[in-house]
1. With a 1.4 Å probe and all protein chains in place, put 458, 234 in order of accessible area, largest first.
2. Angle, helix 189-208 long axis vs. longest principal axis of the chain, Cα atoms, 0 to 90°, nearest 10?
3. Would you please classify the overall shape of region 636-787 from the alpha carbon gyration tensor, given that a ≥ b ≥ c denote the square roots of the eigenvalues, rounded means a/c under 1.5, and beyond that prolate means a/b larger than b/c while oblate covers the rest?
4. Can you tell me which of 71-80, 200-209 comes out highest on packing, and rank the rest after it, using the mean Cβ neighbours within 10 Å?
5. Using alpha carbon centroids, what distance separates region 360-409 and region 227-287, in Å?
6. In degrees between 0 and 90, to the nearest 10, how far off the longest principal axis of the chain does helix 502-513 point, with axes built from Cα atoms?
7. Which pairs in the list 10/74; 273/544; 10/353; 324/353; 79/353 are over 24 Å apart, alpha-carbon to alpha-carbon?
8. How many angstrom lie between the Cα centre of region 20-65 and the Cα centre of region 444-479?
Amino acid sequence: MHQLIEPWAKINPQGETRSVFEHSLDVALTIHAILDREIERRRLSSAFNVKLTDVHLARLAVLGGLHDFGKCLKGFQDKLGSLSALGPGHVAEALAVLVSVRETRDAVGTALLREWFGEPTNPIYVSVCHHGEPVGEDRFRRHLAIVRELLQTTRYGHDPVTEITRLRDRLLAAFPQALSGAEQLTFAPAAQHLFAGILMTADWMASGFAFDPGGRRELAEELLDRTGWSGWHSGATPRALLGGWEPTAAQAAVETIPLQNLVIIEAPTGTGKTEAALIWASRLVLDDLVDGLYFAVPTRSAATELHARIGRVMTGQHPALRGKIVRAVPGMLDVEDARPDYPPETWAVAAPKRVFAAPIAIGTIDQALLSIIRNRHAWLRAALLSRHLLIIDEVHASDPYMAALTNALVRRHLNLGGHVLAMSATLGETALAQLQDRRRKSFEDAQRVSYPVVRTPSGDTVLTNTQRRAIDIGLVPHHEARASAVEAARDGHAVLLIRSTVKDAIADYLAVSAEVEALLHHSRYALADRSWLDRCLLGIFGPKAQRRGIVAVTTQTAEQSLDIDADLLITDSCPADVLLQRLGRLHRHRHGSRPRAWIIDPGPLTEFVAENGKPIGRDGQGWPWVYQNILSVGETLDWVRVHGQIVVPDHSRALVECATHADHLREVADQTGSKWQVLWQRLYERGRIDTQLAEAGLVDWARPYREATVDVRYATRLGEGSITVATPGLVSPFTGEPIAALPIPGTWLSGIDFGEQVEATVSGNTITLEGRSFTYTELGVQKSQSR
């Protein structure tokens with residue numbers, strides 16, 4: 001049996017222990033180090049609505065240091081070396097002894113906490129519930145019957161109440177300034193939530209250096225420095241990020257407008273919005289308003305391409321960022337100069353929850369949304385993200401569910417004094433009003449709004465020098481569209497053919513690849529193969545690529561954020577905002593050209609709406625399953641039929657409003673007939689329900705931390721989702737490399753009760769799981785054909 005002079009808290013693989021007192025002090029020092037950095041201190045000051053002084057920081061460090069007092073209890077202590085009859089936990093058990101036994105409250109120092117924070121219940125609850133989530137009353141009440149046993153002398157001879165008292169006294173000795181005079185802090189709900197996240201961060205960080213030699217304060221500071229928490233800016237001017245190129249209109253605007261909390265850039269694709277965002281971030285960092293940035297994009301492919309691009313730009317001017325710019329894509333966490341067998345120094349890449357600790361991270365919007373929905377460690381994500389400029393690319397690209405989450409995220413970020421920059425080529429008034437938290441303008445007024453423009457709370461800056469692009473566009477039957485793609489490829493052109501469903505994309509790929517070289521690109525591939533296909537796509541269509549005659553048949557995976565440039569674009573029917581995004585991938589880096597695009601003609605749209613208003617698709621025309629607002633699609637197609645061209649930016653505002661303004665679409669439905677009115681009602685009700693569902697899953701920072709119980713049913717996106725299945729023995733159809741796991745659409749696996757580990761049986765390219773078979777080939781994962 002171990003001989004312990006002091007109660008233990010941590011044990012390493014060599015059997016060495018670290019005491020509760022040592023670990024708690026490590027955590028308290030790390031909290032102090034985090035709050036001693038200006039930006040996080042300022043965010044917490046906003047949450048408390050009080051400017052935090054050094055005395056406040058010392059008091060918060062002591063409070064955080066009390067987080068593990070439950071480890072002094074007999075249940076936790078006795079589990080070292082054997083199972084404890086009282087259970088191994090220390091969080092719910094700590095709450096149980098607190099509410100039941102006055103001696104425990106006295107040992108923790110609730111009288112002193114009341115002096116510092118007023119009512120001590122919420123502060124100590126936040127401190128104790130530091131394992132990623134609040135602990136519900138049902139979880140700690142089950143321990144009320146054994147509180148006396150929990151407070152008995154441990155097998156190592158320690159009296160829990162005495163040791164808790166010693167812990168409190170040691171923390172006060174380490175932070176004597178906590179006992180000085182200062183204004184009382186009221187733990188308002190926002191302060192509870194943010195401090196919970198800071199504590200979770202500090203506990204995780206301190207656990208990482210628990211057994212490292214050296215001064216404890218120095219270890220905490222060194223960890224923050226290695227992560228690039230702050231202080232990385234070289235002093236280079238924001239314009240230096242352009243590498244000598246003249247700024248575009250958007251870049252010039254963000255270089256000169258006054259610094260403000262919310263900026264919205266509305267400008268066509270290919271007008272330098274990404275670099276404009278980096279210029280804005282550089283200005284904010286120089287003015288000590290943010291520590292760094294998180295660049296949120298719609299897709300994993302876009303995150304990967306943007307990560308490399310931002311890494312090159314930022315490290316060129318700020319050498320301290322090398323090895324610290326994180327790609328925040330689960331399963332692909334790394335830094336911009338990742339090298340084999342050389343682990344990066346930054347703490348931020350060890351787990352997806354930690355990515356916002358990096359000075360710069362690029363990932364999907366989902367990672368940011370996980371800081372606002374009721375999932376474990378949402379508070380850690382929120383605390384780390386609060387320091388940064390939150391950049392949301394393609395902010396228009398949301399259904400009502402994701403839009404509600406995104407708007408809540410923006411509000412939370414701004415309420416803490418944070419900064420947000422949203423970007424879009426096609427942001428309509430309906431979405432813009434929600435983002436700006438104001439009433440929607442009329443359809444007529446919305447059409448008169450300037451475009452392109454940079455919006456701030458103090459006023460708009462119209463971008464007057466944006467290059468005009470005229471795109472000839474028309475509708476053709478499906479067979480003619482496909483024939484045009486083949487003919488263009490034979491003439492040496494790189495063609496982008498975008499279909500809305502995987503099924504339609506595969507069908508076109510099989511037809512086209514029988515005649516010319518073709519590439520298939522969609523979402524139903526293993527992670528490694530998806531990355532390989534991304535590289536292939538960029539190698540043909542990207543900047544400085546080796547262009548050749550080919551047809552890339554893709555789904556929506558190629559329409560957003562990827563820097564690709566096609567010679568000819570063919571697309572399914574889609575709403576105007578989506579169409580403009582797709583057109584942004586046509587002659588993207590060329591000036592003075594007159595590009596051509598074709599839309600696959602769906603025929604009469606009434607065939608895609610059932611009498612009950614339900615959108616219905618069919619083989620070859622699956623787009624209504626994806627874009628159910630057929631009113632929006634109809635307005636877009638009518639514009640194309642009438643005008644035969646789209647001039648960007650001249651037509652952009654009017655076209656987008658015709659296809660997205662809620663009041664206008666309702667009026668169109670009323671004028672078109674009863675079936676369309678039923679469709680509109682269905683869309684409205686679906687949107688209302690999805691918005692309510694999103695709001696139900698939010699962490700409400702206006703309510704106490706204790707009420708924000710985790711609920712795993714809430715996700716960042718609605719839809720079929722996928723289940724990652726272990727596939728031992730499967731190999732890539734492209735590279736021959738092993739494929740360890742494969743995402744399979746959740747609807748294909750409905751009715752199967754999975755445990756934590758989901759493993760399939762693999763034979764060649766056939767995957768079998770619970771009697772269901774799938775194949776994995778160059779076409780992606782597909783259901784096996786019934787025999």
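The values are calculated or read from the model by the stated rules, or taken from the named source; none is laboratory data. All of these numbers come straight from a predicted model, not from anything done at the bench. Using ideal geometry, Cβ is built from the backbone for each residue, glycine included, and neighbour counts are taken over all protein chains shown. Please note that ligands, DNA and RNA were not included when accessible areas were found on the heavy atoms of the full protein model with its side chains. Shrake-Rupley method; radii C 1.70, N 1.55, O 1.52, S 1.80 Å.
1. In descending accessible area the options line up as 458, 234.
2. That works out to roughly 80 degrees.
3. oblate
4. The most tightly packed comes first, giving 71-80, 200-209.
5. 21
6. Roughly 50 degrees, rounded to the nearest 10.
7. In this structure, 79/353 exceed 24 Å between Cα atoms.
8. Each part's Cα centre sits 47 Å from the other's.
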